[in-house]
Structures are given as C-alpha cells and as structure tokens.
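These notes are about the structure you will find just below.
What follows draws every value from the coordinates through simple rules; no lab data is involved. Worth saying up front: this structure is predicted, and the values here are computed from it rather than measured. Note: ideal-geometry Cβ built from the backbone for every residue, glycine included; neighbour counts use all protein chains shown.
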Amino acid sequence: MNISLKDKIANLKKEKNAVILAHYYQRPEIQEIADFVGDSLGLSIKAAETDADIIVFAGVHFMAETAKILNPSKTVVLPDLEAGCSLADSCPPEAFDEFVKSHPDHTVITYVNCSAEVKAMSDIVCTSSNALKIVASVPEETPIIFAPDRNLGKYIMQQTGREMLLWDGSCIVHEAFSIDKLLKLYKEHPNSKIIAHPESEEHILQTATYIGSTSGMINYVKAHPQEKYIVATEAGILYKMQQEVPGTKLIPAPAKDDNTCACSECGYMKVNTLQKLYNCLLNESPQINVPEPIRQRALLPIERMLELSKQDVGN
Ligand code: 13P
Ligand code: SF4
C-alpha cells in the first residue's frame with residue numbers, strides 16, 4: 001500500500017513526539033498538516049508551551065530561533081535553512097551593536113523579525129500583534145530605539161505620538177505593493193475594504209481600514225464579513241482567511257511587478273515544502289542552535305514580551 005507523504009509525517013510525528021508549528025504564509029499543504037497555524041506571537045506562545053520533544057518550525061529562521069531560545073533542551077528543526085528573512089537581514093548584529101552603543105540611554109525594542117544576536121542586544125522584543133502595547137509600556141520620558149522595521153516603527157510613532165529612533169530596515173515583500181495599482185483595483189471594487197500589515201509602506205497603510213498582524217487581519221475579517229477585502233500582506237494568508245470567511249471575496253493587493261502577483265509571495269517562506277518538512281522530521285536536521293550566552297541574553301526580552309502580551313493574541 002502506498003502511504004501518502006501527509007500520513008508518513010503524521011506517523012513520524014507521533015513516533016517522535018513532535019509538534020508542527022506553521023506560519024500563515026506557509027504553503028497550504030503545510031498549513032493543513034500543522035498542529036498549530038498562527039502569527040509570530042501565537043507561534044512563540046505555542047513554542048513556549050509545548051511539551052513535544054521535537055519542534056518542526058514551518059516558518060522562517062528567526063521564528064525557529066525564537067522557539068529554540070525558549071526551548072534549549074528540545075530539538076528544533078527548520079525544513080530548509082534557506083528560509084531567511086530580508087527584514088532580519090537588514091539588521092546586521094555588528095552594525096546594530098554600534099548603533100545601540102552610541103545611544104546608551106535608549107531602551108531597545110526589537111521587532112521579532114531579527115536574529116538572536118540582535119535580540120540579545122534588546123530590552124524588549126515585540127511582534128506586530130503587540131508592538132503598540134510594548135512601546136506604551138516604556139515610561140514616556142525614556143527614549144526608544146526601534147528596530148529593524150522602519151515602516152512598523154513609523155506606524156507606531158503615528159499611533160502613539162511618540163518619537164523613536166528607527167533602524168532603517170524593511171521587508172521586500174511588504175514594500176513591493178504598488179500604490180497606483182492598489183488605487184486602480186480599489187476603483188474597480190469601490191465597495192471593498194483594504195486591510196494591511198504594518199510592515200507595508202505609509203502610503204499603503206493610509207488606504208487601509210484595518211492595520212494589524214496576520215492573526216489580527218484574519219480576526220478582523222471574521223468579525224466584519226464584508227463582501228470584499230483587498231488584502232495587503234503576503235498572499236499565503238488568503239488560504240486560512242478564506243476558510244474563515246468562505247462567502248467573502250478576498251483580493252490580494254497588487255505588487256509593483258507588472259504581470260504577476262508573485263512579489264506578494266515571500267520567497268523565504270515558500271522554500272519550505274512538504275517533502276522538506278518530512279525529511280527534516282525524519283533526519284532531525286537541519287537543526288537550529290543558538291550559542292548559550294546569546295540564548296540567555298535573547299531570552300529575557302522575549303520573556304518580557306510574552307509577559308506583557310498575555311491577553312493580546314490576535315490584536
Ligand atoms: P506576523 O507577526 O503578523 O505573523 O508577521 C510575520 C511576518 O513575517 C510578516 O512579514
Ligand atoms: Fe521576512 Fe517579509 Fe518574508 Fe515576513 S514576509 S518573513 S518580514 S521577508
């Protein structure tokens with residue numbers, strides 16, 4: 001009898017007491033077999049809570065690294081080590097170290113999309129679900145460095161009226177949306193609503209009725225099942241979102257790239273495939289490891305975030 005890849009993964013998962021955590025940007029077939037699908041905050045919370053021996057992280061490197069930081073004694077595997085992140089890459093640890101050292105009076109808040117080394121230089125980590133709350137937790141008179149995403153940083157400054165020193169990083173996927181094409185598309189669907197992820201540029205965010213994390217966007221659509229939404233984030237989110245609101249038309253926001261919407265797909269997220277996921281569970285490789293001194297320093301700001309955001313999943 002021919003056993004499908006999905007069944008092989010399910011059997012192996014049981015045998016090895018493994019858990020599969022997947023981000024909303026993963027391929028649909030990976031989301032289907034995952035034990036939990038969520039945004040970065042939800043995935044960090046699940047990683048902190050799991051009693052599995054092996055965590056298969058179907059997402060990108062910084063997410064798997066966060067899971068390892070929280071679970072040093074567990075095996076954490078990523079289907080493909082090439083699953084990186086342009087935003088994390090835009091903040092090299094050496095340059096960030098210099099930046100932080102030249103502003104010693106600042107509290108350092110880093111968006112979770114960064115390396116373990118950069119987290120280790122931070123006071124608090126945040127995700128797009130809890131960034132406003134984390135920034136608000138820092139006393140008014142304390143100056144803040146916010147890194148690495150300049151778009152999320154600008155959005156927080158606008159929302160809170162608070163100045164922050166921003167690192168100049170960004171996500172290639174969220175900066176690929178075309179405002180001209182978006183406005184043209186909106187004209188074709190005048191009764192639609194635009195929803196956007198805060199990694200998008202300011203002119204895109206200005207058109208949005210709702211701005212939030214991937215979970216936040218899904219929850220918003222569920223709570224307001226409009227007839228039509230234009231969705232400005234990575235297109236993988238449409239799979240789960242459509243399951244939640246089957247009667248709602250969901251249109252991916254157009255990218256600058258002329259003929260396809262391929263730019264709104266994260267190439268890093270999509271290097272993971274079902275076959276690679278099976279292989280990494282079978283071989284328990286490639287594993288994610290974080291040097292212990294860095295892990296210990298990176299753990300504190302992550303724990304602060306988890307403590308501060310206990311009631312905030314999906315905002
Ligand atoms: P979320 O925290 O909203 O899931 O975002 C993760 C991400 O990588 C966005 O590009
Ligand atoms: Fe990184 Fe952007 Fe991909 Fe998210 S969508 S993982 S921020 S490159």
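Who wins for biggest fluctuation among G236, G84, G247 in a Gaussian network model of the chain, springs between alpha carbons below 10 Å?
G247
What is the extension gain from N11 to R162, computed as 0.36 nm multiplied by their sequence separation minus the C-alpha to C-alpha distance, in nm to one decimal?
49.2 nm
Name the residue farthest towards the positive end of the dipole of the range 1-125 from the options L87, S44, V108, assuming +1 on Cβ of Lys and Arg, -1 on Cβ of Asp and Glu, about the Cα centre.
S44
Using a Gaussian network model on the chain with a 10 Å cutoff between Cα atoms, which of V135, V125, V56 fluctuates the most?
Looking only at V135, V125, V56, the largest GNM fluctuation is found for V135.
Starting from the Cα gyration tensor of the chain, take the square roots of the eigenvalues, sort them a ≥ b ≥ c, and report rounded, prolate or oblate (rounded when a/c is under 1.5, otherwise prolate if a/b is larger than b/c, else oblate).
oblate
Near K270, within a Cβ-to-Cβ distance under 13 Å, what is the net charge of the other residues, with Lys and Arg +1 and Asp and Glu -1?
Within the 13 Å Cβ shell, the charges total -3.
Cross-link list K8/K249; K8/K46; K133/K181; K6/K256: which exceed 27 angstrom alpha carbon to alpha carbon?
K8/K249; K133/K181; K6/K256
What list of ³J(HN,Hα) values in whole Hz, one per residue of the range 101-108 in order, does the Karplus curve 6.51 cos²θ - 1.76 cosθ + 1.60 (θ = phi - 60°) give from phi, with Gly and Pro shown as x?
Each residue's phi maps through the Karplus curve to give 5, 7, 9, x, 8, 8, 7, 9 Hz.
State log₁₀ I(q)/I(0) for the range 11-132 at q = 0.23 Å⁻¹ as given by the Debye formula over alpha-carbon point scatterers of equal weight, solvent excluded.
-1.37
Considering only the range 141-288, what is the antiparallel percent among its DSSP beta bridges, to the nearest 5?
5
Could you check the spin-label model distance between E303 and E140? Points 7 Å from the Cα along Cα→Cβ, value in nm.
3.1
Across the range 115-126, in residue order, what do the Karplus-derived ³J(HN,Hα) couplings come to in whole Hz, using 6.51 cos²θ - 1.76 cosθ + 1.60 with θ = phi - 60° and x for Gly and Pro?
For the range 115-126, the Karplus-derived couplings read 6, 4, 4, 5, 4, 5, 9, 9, 8, 9, 9, 9 Hz, x marking Gly and Pro.
Only four residue types carry charge here, +1 at the Cβ of Lys and Arg and -1 at the Cβ of Asp and Glu. Report the dipole size of the chain about the Cα centre in Debye, rounded to the nearest 20.
Charge dipole of the chain: 900 debye, to the nearest 20.
So how far, in whole Å, is the C-alpha centre of the range 179-252 from the one of the range 154-173?
One Cα centre to the other: 21 Å.
Given 10 °C and 1.306 mPa s, how large is the Stokes-Einstein diffusion coefficient of the range 192-276 in µm²/s, with Rh as the Kirkwood radius over Cα pairs? Could the numbers behind the result be given before it?
On the way: Rh = 13.4 Å.
Rounded to a whole number, D works out at 119 µm²/s.
Any idea which of T273, T248, T160 is furthest toward the positive side of the dipole for the range 145-304, if Lys and Arg beta-carbons carry +1 and Asp and Glu beta-carbons -1?
The Cα lying farthest towards the positive end belongs to T248.
For K16, give me every one of the aspartates and glutamates with a C-alpha distance below 19 angstrom, ignoring sequence neighbours fewer than eight places off in its own chain.
Leaving aside aspartates and glutamates fewer than 8 places away in the same chain, those within reach of K16 are D7, D35, E49, D51, D53, E284.
Dipole of the chain (Lys/Arg Cβ +1, Asp/Glu Cβ -1, origin at the Cα centre): which of P28, H174, M121 lies farthest to the positive side?
Result: P28, furthest along the dipole toward the positive end.
What fraction of the DSSP beta bridges in the chain is antiparallel, stated in percent and rounded to the nearest 5?
Bridges in the chain that DSSP calls antiparallel: roughly 5 percent.
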